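Written below as structure tokens is the structure these notes are about.
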Amino acid sequence: MKQETFTDMEYSFRKKKTKREEFLEIMDEIIPWNEWVGVIAPYYPKGKRGRPPMGIEKMLRMYLLQIWFNLSDPATEDAIYDSYAMRKFTGIDFMTEAVPDETMLCKFRHLLEENGLNKLFFDAINRVIENRKSSVRCKVEHVFRIIKCQFGYKKTMYHGMMKNENRLYAMFACANLYALAIAGRKLSTT
């Protein structure tokens, strides 16, 4: 149980949630976190040497924020400091821990790219969608609007096809999940 901070108490009396906060709550609910963390775990450093690693789920959440809001590594770090919604989504409490710095995020992104893990996320979501067939397919086939409008992806950010390919795999996996949530459908992995 996390202790409630003064900021949490102050924000609990707001009358309206921001669109960013609503979006992050939807994504927090529909992403299969345990499955995605399990995919990353064999590749993630165990912390036997050097600086102790940050939790996989926190780094994954930070990486997804970077993709969804089209942010650079330093901008992602700053956005978590600035935005209550992003800080709440990542689960970072300033009283007990610091925001992972931009180099940790960069190394995490490179870990995902080098091992092709974004494609594994995309394939896992597609397997579930394929099992449900037409009841879901009509809602997730038009995700380009979500990627362009919701995630703000209008031009490539990185040089190199592999980096852009990995970024697009993660975006399409999340866009499929978001399209399901908007349609009011649940994604069950059974």
Once both label points are put 7 Å beyond Cα along the C-beta direction, the ALA41-GLU130 separation in nm becomes 2.5
Express in nm, to one decimal, how much length is gained between ARG49 and MET161 on full extension, taking 0.36 nm for each residue of separation and deducting their alpha carbon distance. 37.1 nm
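Give me the number: length gained by fully extending PHE94 to TRP33, i.e. 0.36 nm times residue separation minus the C-alpha to C-alpha distance, one decimal in nm.
Length gained, PHE94 through TRP33: 19.7 nm.
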What distance in nm lies between label points placed 7 Å from Cα along the C-beta direction at ALA75 and GLU114? 2.6
Expressed as a whole number of Å, what is the distance separating the alpha-carbon centroids of the stretch 11-61 and the stretch 79-130? 6
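Do any of LYS58/LYS88; LYS46/LYS88; LYS88/LYS163; LYS58/LYS163 go past 18 Å between their Cα atoms, and which?
Too far apart for the 18 Å limit: LYS46/LYS88; LYS88/LYS163; LYS58/LYS163.
Read-outs throughout are calculated quantities, based only on the coordinates presented, and are distinct from any laboratory measurement. What you see is a predicted model, and the numbers here were worked out from it, not measured in a lab. Don't worry about glycine lacking a Cβ; one is built from the backbone with ideal geometry, like all the others, and counts go over all protein chains shown.
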